[in-house]
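Structure, as structure tokens:
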Amino acid sequence: MKILSIGNSFSHDAHRYLHSLAKKEGQDFKTVNLYISGCSLERHYNNLVGDKADYDFELNGEKIEKSTIKQALESDAWDIITLQQASRFSFQYKSYLPYIEELVKVIRQTRPNAKIFIHQTWAYEDGSEKLKSLKFKTSKKMFKKISRCYNKIAKKIKADGIIPCGEAMQKALELGLKKVHRDTYHASLGAGRYLLALCWFKALTEQDISLNAFNDLDEPITENEREIIIKAVNSVF
């Protein structure tokens with residue numbers, strides 16, 4: 001399966017283990033993330049129009065070169081292409097438009113056989129200054145608005161699916177996982193990124209993850225944390 005994400009640091013988090021985890025599960029994934037830190041849909045659109053080679057082209061979790069969106073789209077016959085909004089705008093529906101619609105037009109013209117998935121991003125950590133700066137009292141309240149926006153935009157662009165990462169993170173915290181963030185907004189290097197990889201893998205393959213034992217992580221997790229993560233991911237499908 002060939003997967004291209006037009007994203008930012010949040011899709012960078014999601015891609016970190018995806019190729020390796022899939023391989024461990026007997027699946028051949030080619031994963032490419034187009035990375036600019038904090039990149040919004042508006043900037044993606046402007047980069048597309050300007051054909052700007054501002055992206056780190058990250059293949060299977062590793063940066064290899066610079067690229068434009070057009071170059072990336074034309075570089076392979078992608079099966080899945082994902083889109084997302086920058087986290088600071090993800091709860092503002094108007095910030096998605098018309099940029100995501102214009103991106104989808106070009107994707108469907110260039111790669112008509114590719115399925116388009118929405119990468120549902122997540123809320124900031126409870127009590128963090130970043131959460132407070134956006135006028136949210138709790139992570140749960142921020143995510144509620146994020147979820148509404150992604151669900152609404154997925155219907156508008158007729159997306160083929162949503163990868164429910166934000167929902168899985170909220171569920172993991174509810175089930176007792178102590179921490180999913182590393183700096184109050186990016187995913188933690190162990191538990192957070194592992195959760196994201198499992199969520200993407202299950203969304204794209206529909207394969208059972210209940211016995212997943214992938215452990216090639218940049219930060220160790222306990223078996224109790226693994227059980228919570230698997231349970232959380234399974235619960236959102």
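Taking Cα centroids, how far is segment 142-209 from segment 1-70 in Å?
17
Can you list the residues of segment 51-82 with backbone N under 17 Å from a point 7 Å past the Cα of Met1, pointing along Cα to Cβ?
Residues 60-61, 77-82 fall inside that zone.
Percent of Cα-Cα pairs more than 29 Å apart in segment 83-237, please.
Here the tail beyond 29 Å accounts for 20 percent of pairs.
How about Lys158: which aspartates and glutamates have a C-alpha closer than 18 Å to its C-alpha, ignoring those fewer than 8 places off in the same chain?
Answer for Lys158, where 18 Å is the Cα cut-off: Asp79, Glu101, Glu102, listed by chain and number.
Can you compute the FRET efficiency between Leu59 and Asn113 using 1/(1 + (r/R0)^6), with r the Cβ-Cβ distance and R0 = 22 Å? Round to the nearest 0.05.
0.55
Students often get this wrong, so check it: of Lys24/Lys144; Lys115/Lys202; Lys178/Lys231; Lys63/Lys156; Lys52/Lys179; Lys23/Lys140, which have C-alpha atoms separated by over 25 Å?
Check vs 25 Å cut-off fails for Lys24/Lys144; Lys63/Lys156; Lys52/Lys179; Lys23/Lys140.
Tell me the carbon and sulfur percent of the accessible area for segment 114-211, rounded to whole percent, probe radius 1.4 Å.
With neighbouring chains kept in place, the figure for segment 114-211 is 49 percent.
Please compute the length gained on full extension between Asp28 and Asp76, using 0.36 nm multiplied by the number of residues separating them and subtracting their Cα-Cα distance.
Roughly 15.8 nm would be gained on extension.
Provide the net charge surrounding Thr68, with neighbours chosen by a C-beta distance below 10 Å and charges set as Lys +1, Arg +1, Asp -1, Glu -1.
Summing Lys and Arg as +1 and Asp and Glu as -1 gives 0.
Provide the per residue accessible area, probe 1.4 Å, for the chain, rounded to a whole number of square angstrom.
Per residue, the chain has an accessible area of 46 Å².
For segment 193-234, how big is the tail of P(r) above 14 Å, as a whole percent of Cα pairs?
It works out to 40 percent of all Cα pairs.
Need the full-extension length gain, Lys178 to Gln92, defined as separation in residues times 0.36 nm minus the C-alpha distance. One decimal, nm.
In short, 28.2 nm is gained.
Roughly to the nearest percent, how much of the accessible area of segment 36-96 is carbon and sulfur, given a 1.4 Å probe?
45
Summing +1 for each Lys or Arg and -1 for each Asp or Glu, what net charge is found among the other residues whose Cβ lies under 13 Å from the Cβ of Ser20?
Around Ser20, the surrounding residues sum to 0.
Apply the Karplus parameterisation 6.51 cos²θ - 1.76 cosθ + 1.60, with θ equal to phi minus 60°, to every residue of segment 52-68 and state each ³J(HN,Hα) to the nearest whole Hz, in sequence, with x for glycine and proline.
8, 8, 9, 9, 7, 8, 9, 9, 6, x, 10, 5, 10, 6, 9, 7, 9
The values are calculated or read from the model by the stated rules, or taken from the named source; none is laboratory data. Remember, predicted model here, so these are calculated numbers, not experimental data. Quick reminder, even Gly has a Cβ in these numbers, built from the backbone with ideal geometry, and neighbours come from all protein chains shown. Only protein heavy atoms, including side chains, enter the accessible area calculation; ligands, DNA and RNA are left aside. Shrake-Rupley method; radii C 1.70, N 1.55, O 1.52, S 1.80 Å.
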